[in-house]
1. Of all helices (runs of 4 or more DSSP H) completely enclosed by segment 555-666, which ones contain at least 2 residues that are among the aliphatic types (A, V, I, L, M) and farther than 30 Å from residue 10 by Cα?
2. Go through 228, 293 for me and flag whichever is under 30 Å from residue 595 (Cα atoms), free of Cβ contacts under 8 Å to residues at least 60 places away in the same chain and open to solvent by less than 60 Å² (accessible area, probe 1.4 Å).
3. In segment 551-570, which residues are closer than 22 Å to residue 333 by Cα and open to solvent by 20 Å² or more (accessible area, probe 1.4 Å)?
4. Considering segment 642-685 alone, what residues qualify as being touching a residue at least 24 places away in the same chain (Cβ under 8 Å), touching a Leu at 6+ places or on another chain (Cβ under 9 Å) and not aliphatic (A, V, I, L, M)?
5. Applying the selection to segment 125-144, what residues are in a loop (DSSP other than H, G, I, E, B) and either touching a helix residue (DSSP H, G or I) at 6+ places or on another chain (Cβ under 6 Å) or of a type outside the set (D, E, K, R) (or both)?
6. Just wondering, is there one or more residues in segment 367-381 that are touching a Gly at 6+ places or on another chain (Cβ under 8 Å) and not in a helix (DSSP H, G or I)?
7. Condition first: in contact with a Gly (Cβ under 8 Å, 6 or more places away or on another chain) and not aliphatic (A, V, I, L, M). Can you find one or more residues in segment 208-220 that meet it?
8. Would you list the helices (runs of 4 or more DSSP H) that sit entirely within segment 425-525 and hold 2 or more residues that are touching a residue at least 40 places away in the same chain (Cβ under 8 Å), crowded, with 20+ Cβ neighbours inside 10 Å and not charged (D, E, K, R)?
Amino acid sequence: MGGLPFDSLYRHGFARVAVAVPRVRVADPAYNVEETLRLARRAAADGAALTVFPELGLSSYTSDDLFHQDALDDAVDAALARVVAESADIDTVLVVGAPVRTQGRLFNCGIAVCRGRVLGAAPKSYLPNYREFYEKRQFAAARENLAGEISIAGQRAPFGADLLFTATNLPSFTFHLEICEDGWVPLPPSGYAALAGATVLVNLSASNIVIGKADYRRALCASHSARFLAAYLYSAAGHGESTTDMAWDGQALVCENGDLVAEGERFADHPQLVTADLDLQRLAADRLRTTSFADNVHDHRERLGAMRRVEFDLPIPETVVPLRREIQRFPYVPADPAARNERCAEVHHIQVEGLTTRLRATGLQRLVIGVSGGLDSTQALIVAAKTMDRLGLPRANVLAYTMPGFGTSARTRTDAHRLMAALGVTAAEIDIRPSATQMLRDLNHAAAEGVPQYDVTYENVQAGERTSHLFRLANQHGALVVGTGDLSELALGWCTFGVGDHMAHYSVNASVPKTLIKYLIAWAADTGQFGPEATEVLQSVLRTEISPELIPHDDAEAEGPGQSSEATVGPYELQDFHLYYLLRFGYRPSRVAYLARHAWSDPERGAWPDLIPADQRHTYDLPTIKRWLAEFLRRFVQTSQFKRSTLPNAPKVGSGGSLSPRGDWRAPSDASAAAWLDELERNVP
């Protein structure tokens, strides 16, 4: 796919599909094929590689005993021949529904056609014959088929419910056809198809509408896509079908891995074309990592091995096809306020549960924590206080220490004291500058004599002094040291190894990214959980620049930090984006960069969390993304794994993953990032 433009969704493992619901006339194939081809041309012009039509759409589903009339069957054959002929100039795969006579029987079929070629036909496996349905009166089921091939529109084509249509020019694009009731049975044909490699499951339907049925269909399609780690396309018959005894709503759905990604208008009296951009690489990544999926394949290997593959070239536009799918800027933080509040509450409960259980297991009743006035220690202190509440212990059992060093600002120091007071914990201050100076003097470091030599030794002496004090305080008071570092810092290696902020008895933020930490604090402030004084401090913390505060400010009069973490490691909001897609899915860097540009290049595209004011809605162009992604790759793959290989215990909070060597992430500490950096350089302009 490297020959396609970088801006084309097809280059990066996406595919646009369309679900079409045309107007029909009962038993009028000449009219119906005209409507079908009109929608197919629209879909092709829109860049859709696959277009799906309803069950028996060329004849109409409600033809009843007219299906046994030679005149109707002849007209359907002529309509099919026209679809095949005209598809030569329509750059989309057409999947149409039609009755097919073969072997002296009539089969209800989905037929795939591409650029003048009949790829194959799939007969319906399960014919409903209950309540309002009487399909066995007209049709034979797939199990009654005796032939592997039949003749359609003058071409020999594969025939059966076991066909997998595989694109040779787009990895992971394999589709399978089932028809209406097939998707409602306990073990649908599409399930076996998914195990055999189909990622796009297609259902041609003519489901009539009754009260509540639309919701059930929606849930059914979404659950199929989730269980089978696939996309599920559903096209139901609509306007024009006979209403002698039934009504039709023309429901069009596209689901992917449990999510409804597109839906059309129901009860429309006009033709509909619903498009969606499928993320094939995400489906492939999930299947690759889900070992139970592979085990299920093994258990059904005989049936799956007998399925037939039909290879074809997918009609992929050579021009730019822009991605229409929304890519969230903050994959760890829902933009919807209700969903975000629910997420924050869930994360908070997981953190408190983890720390509560660890305290009970150790038999200890006190916690020691360093409080800097920054984001991470603020969230950890909140969790510590709530843990005491849950255990029925006084918050005074949280022994909180602010430990100003050479770069501590007046603002963060003040906020630390205000927060400790507002939460009712036991507050204290230990000035680490004398002990840090002594260590620098022992090391014969120039900074001990006042020389402004602000190197890594100067910084880590302070980080080490803080952690050393905390552990000895825990010894003294019979307490447990709570770690404060977050997932983003661990991914970037932005922590001091060993005797530093890397180490604790138990960490609560280790699988919570920096972007989510901010929203957890904002949620605590917005919900007023700790009273107005605490809320005011929390809001101040949120407005403070992220900084390790290890180097003195150039301006002695300044109140805020004099050092910026993001100036060194990159914007956390962007690096968290990179982290999510590399850790969760293992995407190649060029795809991550493509997604990042789509998410971050235009402030008007997509939803923003409402807590971000307009003047803080940042944008990043492709060169900026490429620069910081390279920095991320160097740090994540090559230079910082040794820190993650020795992490303290911490609870996993999200499906985006954690970096625990005992959990989601096991990696060598001496790997090279060359392959990742080379791919980024070669494939991102």
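1. 565-569
2. 228
3. Correct list: 566 only.
4. Those that are touching a residue at least 24 places away in the same chain (Cβ under 8 Å), touching a Leu at 6+ places or on another chain (Cβ under 9 Å) and not aliphatic (A, V, I, L, M): 643, 644, 651, 654, 656, 657, 658, 660, 664, 665, 676, 685.
5. 125, 126, 127, 128, 129, 130, 133, 134, 138, 139, 141
6. no
7. no
8. The helices (runs of 4 or more DSSP H) meeting that bar are 456-477, 487-492.
The values are calculated or read from the model by the stated rules, or taken from the named source; none is laboratory data. Owing to the predicted nature of the structure, the values given are computational and were not obtained by experimental measurement. All Cβ positions, glycine included, derive from the backbone under ideal geometry; neighbour counts span all protein chains shown. Each accessible area value is taken on the protein alone, full model and side chains, heavy atoms only, with ligands, DNA and RNA left out. Shrake-Rupley method; radii C 1.70, N 1.55, O 1.52, S 1.80 Å.
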